[in-house]
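**Q** Please see the structure below; I have some questions.
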Amino acid sequence: MYRSAVYDEPLLNELEEKRNNTYTPVDVLPSSLQRKEKINIPDLDETQVIRHFFRLSQMNFGIDSGMYPLGSCTMKYNPRLCEEISRWDSFAMTHPYQDESTIQGNLQIMYELEQLFCEITGMDCFTLQPAAGSQGEFTGLLLTRAYHESHHDFERNEIILPDTSHGTNPASATMAGYKIIEIPSTKEGTVDLEILKKTLSSKTACFMLTNPNTLGIFESGIEEIAKIVHKAGALLYYDGANINAIMGKAKPGDMGFDIVHLNLHKTFSTPHGGGGPGAGPIGVKKKLETFLPIPRITKKKDTYYLNHDYPKSIGKIKAFYGNFSVLLKAYIYILLMGRDGLKESSEIAVLNANYMKKKLIDSEKYDLPYKELRKHEFVLSCERLQKEKGIRALDIAKRLLDYGLHPPTIYFPLIVKEALMIEPTESESKRTLDEYIKALIRIADEDISSVKNAPSNTPVRRVDEASAIKKSLLTWTSLQEK
């Protein structure tokens, strides 16, 4: 065991000698591995270390700190009960390599979660494997390719997107090997049916659409869109990033969509997790079921199995069966909310967004391009402020930090000049919404220098974003070395 390539004979002898004698913890290390110079770290006691890291934690802003109105990202409060249950040993201590007979509870939860998603979306079957909405999109596009190729239709190499699409849509389509065609929206901010008809062809694989779209506008012509797309032999893909607006009210499956992805870290209140882990389950209509990733969870009598017997499957998308703890939290959240609770959450999300929109538009400080009625989010334009005072959306976002408020999404979607994209979600109270509204109105009236030089009372002042992107410093460097 000890005679490995790592240790030579003299080193083994040295270790054995020290093991037989009295030694300090450092002495047990071979002399060749012992540090010769004092390590260059602060000499601090426990109290100082704890206070340092606690202060750092207070500098961070999260959903527990306050309103996090990132439009299109849906930063909802994460119920602590879901977090607590996910840490139970019964769940946290299970391992994916265990025999199926020992993880029946885990499999049952995932099987039932798939059924719940089918009910919520109107789809026929689901896979929970994808680890994010973006990976869900990629999976959906692989399913699209497999579907067309199964019909010996190898010419469909184009994906159509509206100009309001999420940035991950063209990225996912490109990764899947498709050519992107973007079509402009109407003056109301919705899909232009005539342009869509002209763009569809025998080369179209699918049309990717978010409903409501990134402007927060519901595509009321969705049934006609579905007919047009299907008549052309293409599939209709639903980007589920905004489904928080319609749960219990409408189902993508009923609208005519063939493929749906869900963002559990958005709609179903699981943590975003600082880039991961996440979850982006994919739902499909019956005609696409045989292509879903393996393994599939199947049930025979009262026993659950991980079934690999799907010869037309696109294969594995994620190790094992996705991020179980994230899926578990979504499962608990859905059971806690129930059918009526999910519906009410959508109603309150839409109410909160329209309340904020109305107050801000009535202030005559910001403009609302496109159709007035919005769902769970809305996009304001700061173009008037830019023309009158030289204040841009970025300046307003930075100034909000001085008020202790997290900025909204800015400069998206690209079709709105100087965009502020706000999504309050159902988590926030009227008092919190009013505080945010007052801050935005006050900032619009402030002197130009205060806004242009913001933030002024944060630990870090305004950074040079262009340089940060072009000259990224991705490693830690001691201040003494600079």
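**Q** Counting Lys and Arg as +1 and Asp and Glu as -1, each charge on the Cβ, what is the dipole of the chain about the Cα centre in debye, to the nearest 20?
**A** The dipole of the chain has a size of about 680 debye.
**Q** Can you sort Leu327, Leu342 from fewest to most other Cβ atoms within 10 Å of each residue's own Cβ?
**A** So the residues, fewest neighbours to most, are Leu342, Leu327.
**Q** Ok, one more. Mind checking which of Thr290, Tyr238, Phe207 is farthest towards the positive end of region 207-290's charge dipole, using Cβ charges of +1 (Lys, Arg) and -1 (Asp, Glu) about the Cα centre?
**A** Selected residue: Thr290.
**Q** If you work out Cα extents along the principal axes in Å from the coordinates, which of (i) 86, 67, 43; (ii) 84, 71, 47; (iii) 68, 46, 39 do you get?
**A** It is the one labelled (i).
**Q** Could you list His166, His261, His95 so that the one with the fewest beta carbons within 10 Å of its beta carbon is first and the one with the most is last?
**A** Result, fewest neighbours first: His95, His166, His261.
**Q** Further question: Among the aspartates and glutamates, which have Cα under 19 Å from the Cα of Lys227 when same-chain residues fewer than 8 positions away are ignored?
**A** Of all the aspartates and glutamates, those that pass the test against Lys227 - Cα under 19 Å, at least 8 places apart if same chain - are Glu158, Asp192, Glu194, Glu219, Asp239, Asp254, Asp258.
**Q** Which entries of Lys249/Lys329; Lys266/Lys343; Lys179/Lys203; Lys387/Lys417; Lys398/Lys438; Lys251/Lys318 have Cα-Cα distances beyond 19 Å here?
**A** On the way: Lys249/Lys329 23 Å; Lys266/Lys343 16 Å; Lys179/Lys203 10 Å; Lys387/Lys417 12 Å; Lys398/Lys438 16 Å; Lys251/Lys318 27 Å.
Among Lys249/Lys329; Lys266/Lys343; Lys179/Lys203; Lys387/Lys417; Lys398/Lys438; Lys251/Lys318, the Cα-Cα distance tops 19 Å for Lys249/Lys329; Lys251/Lys318.
**Q** Next question. Take the alpha carbon atoms of region 143-235, find their radius of gyration, then divide it by 2.2 N^0.38 Å using N residues; give the quotient.
**A** Compactness ratio reported: 1.04.
**Q** Please say if region 211-333 is rounded, prolate or oblate, where rounded means a/c under 1.5 for a ≥ b ≥ c the square roots of the C-alpha gyration tensor eigenvalues, and otherwise the choice is prolate for a/b larger than b/c and oblate otherwise?
**A** Since a/c reaches 1.5 but b/c is at least a/b, the shape of region 211-333 is classed as oblate.
**Q** Once phi is turned into θ = phi - 60°, what whole-Hz ³J(HN,Hα) does the Karplus curve with 6.51, -1.76 and 1.60 give for every residue of region 326-339, x standing for Gly and Pro?
**A** 5, 4, 4, 4, 5, 4, 5, 4, 5, 5, 5, 6, x, 4
**Q** Rounded, prolate or oblate: pick one for region 80-337, where a ≥ b ≥ c are the square roots of the eigenvalues of its C-alpha gyration tensor, a/c under 1.5 means rounded, and failing that, prolate if a/b is larger than b/c, else oblate.
**A** Taking the square roots of the gyration eigenvalues as a ≥ b ≥ c, region 80-337 is prolate.
**Q** Then there is this: Per the helix-only calculation at 222 nm, which mean residue ellipticity applies to the chain, given -39500 (n - 2.57) for every DSSP H run of n ≥ 4 and division by its residues, nearest 500 deg cm²/dmol?
**A** Taking each H run of at least 4 residues, the total per residue is -11500 deg cm²/dmol.
**Q** Search the structure for amide H atoms under 5 Å from the amide H of Ile183, placed 1.01 Å from N in the peptide plane, and list their residues when 5 or more places away or on another chain.
**A** Leu161, Asp163
**Q** Can you tell me the relative contact order of the chain? Whole percent, Cα pairs under 8 Å, sequence separation 6 or more.
**A** 18
**Q** What relative contact order, as a whole-number percentage, does region 261-384 give when Cα pairs under 8 Å and 6 or more residues apart are counted?
**A** 19
**Q** Now for a different question. Which trypsin sites (Lys or Arg not before Pro) in region 147-216 pass both tests, a DSSP loop state and at most 12 other beta-carbon atoms within 10 Å?
**A** Of the trypsin sites (Lys or Arg not before Pro), the ones in loops of region 147-216 whose Cβ has at most 12 other Cβ atoms within 10 Å are Lys187.
**Q** Quick check: Cα centre of region 124-162 to Cα centre of region 222-237, how many Å?
**A** So the separation of the two Cα centres works out to 15 Å.
**Q** Out of the GluC sites (Glu not before Pro) in region 70-169, which ones are loop residues according to DSSP with at most 14 other C-beta atoms within 10 Å?
**A** Taking region 70-169 and a limit of 14 other Cβ atoms within 10 Å, the loop GluC sites (Glu not before Pro) found are Glu155.
**Q** May I pose another question? Answer rounded, prolate or oblate for region 313-374, using the Cα gyration tensor with square roots of eigenvalues a ≥ b ≥ c: rounded when a/c is under 1.5, else prolate when a/b is larger than b/c, else oblate.
**A** Here region 313-374 falls in the prolate category.
**Q** Mind checking which of Thr139, Pro252, Ser32 is farthest towards the positive end of the chain's charge dipole, using Cβ charges of +1 (Lys, Arg) and -1 (Asp, Glu) about the Cα centre?
**A** Of the listed residues, the answer is Pro252.
**Q** Which distance in nm do the two modelled labels at Glu435 and Lys231 give, with both placed 7 Å along the Cα-to-Cβ direction?
**A** 5.3
Each value in this text was obtained by applying a stated rule to the coordinates, not by laboratory testing. Keep in mind it's a predicted model, so treat the numbers as computed, not measured. Ideal geometry is used to build each Cβ from the backbone, glycine not excepted, and the neighbour counts take in all protein chains shown.
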